[in-house]
Amino acid sequence: MKVIENFFAPDVFSVVSQEVMGTNVGWQALTGRAGNGDTKETSLQDYGFAAVYDIRASFLATYLEAAVVTEVNRQLGIRIKNFMRIRFGLQTYVGGSGISSPHTDHDAPHQTLLVYLNDADGDTIFYDMVYEPDSGEHPIEYARKRKEWLRVKETVTPKSNKAVLFDGMRYHSSSQPTKTQMRYVLNVNFTGV
């Protein structure tokens, strides 16, 4: 896992954050872990909002694709081969604290890049458990059967323009903001070469 402060150039970050925090994003309600619809053992903390973009369907998605490709290559030396998903996440204050269920964003090997779009207190929690695709189990079942293996490895506090790159097979959770009203994050899943 790698944490990078000031991931985007200031002008790029300004465009992205203003677009997302403005009225141009069509937010959709999420149900279940990471919006996958699984509501077994779901708590209030497993709900939020997301905006998922077809990579080539909008100005913002195209702009983001170019900016992410540039910065991932420049700062991390990784060439992106394929975008699996570009998604914005929004969690709001719900009157108390809580942690979403541990999850992976996909069941196939990938990298995940999170870029926080505002200062917030809803940490991202990373666990020591990594999903094994060869297990034949869905990531949710895999984690459910191995709950005792889930130990917190690291936490990252959202800060404007801070990025975290990690193995997408690593289980992680978000936590609800309790001191700020909203927590915005750009979540990019990709494969690299």
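The values are calculated or read from the model by the stated rules, or taken from the named source; none is laboratory data. What you see is a predicted model, and the numbers here were worked out from it, not measured in a lab. Neighbour counts are summed over all protein chains in view; Cβ atoms, including those assigned to glycine, are modelled from backbone coordinates with ideal geometry. Just so you know, the surface numbers come from the protein's heavy atoms only, side chains and all, with ligands and any DNA or RNA stripped out. Shrake-Rupley method; radii C 1.70, N 1.55, O 1.52, S 1.80 Å.
Here are a few things to note about the model shown:
- When residues in the stretch 8-31 are screened for being modelled with pLDDT of 85 or more and in a loop (DSSP other than H, G, I, E, B), 2 of them pass.
- Residue count, the stretch 157-193 (criterion: surrounded by fewer than 18 Cβ atoms within 10 Å (Cβ to Cβ), farther than 20 Å from PRO139 by Cα and either modelled with pLDDT under 95 or of a type in the set (Asp, Glu) (or both)): 7
- Candidate set from the stretch 85-106 (those that are over 15 Å from the mean Cα position of the chain (by Cα) and crowded, with 16+ Cβ neighbours inside 10 Å); member that is farthest from GLY26 (Cα to Cα): GLY98
- Condition met for ASP123 (open to solvent by 60 Å² or more (accessible area, probe 1.4 Å), in contact (Cβ under 8 Å) with a residue 24 or more places away in the chain and of a type outside the set (Ser, Thr, Tyr)): no
- Odd one out for TYR53 among (1) surrounded by fewer than 16 Cβ atoms within 10 Å (Cβ to Cβ); (2) modelled with pLDDT under 80; (3) among the hydroxyl-bearing types (Ser, Thr, Tyr): (1)
- Criterion: in contact (Cβ under 8 Å) with a residue 60 or more places away in the chain and at positive phi - qualifying residue of ASN118, ASN161: ASN161
- Residue check, LYS153 over 17 Å from SER97 (Cβ atoms) and surrounded by fewer than 18 Cβ atoms within 10 Å (Cβ to Cβ): yes
- In the stretch 126-150, residue surrounded by the fewest Cβ atoms within 10 Å (Cβ to Cβ) [restricted to those that are of a type in the set (Gly, Ala, Ser) and more than 26 Å from VAL185 (Cα to Cα)]: GLY136
- Matching strands (runs of 3 or more DSSP E) fully within the stretch 93-193 where at least 3 residues are polar (S, T, N, Q): 182-192
- Where ALA34 falls short, out of the listed (1) open to solvent by less than 40 Å² (accessible area, probe 1.4 Å); (2) part of a helix (DSSP H, G or I); (3) at pLDDT 90 or above: (3)
- Considering residues of the stretch 67-82 that are part of a helix (DSSP H, G or I) and of a type in the set (D, E, K, R) only, the residue most open to solvent (accessible area, probe 1.4 Å): ARG74
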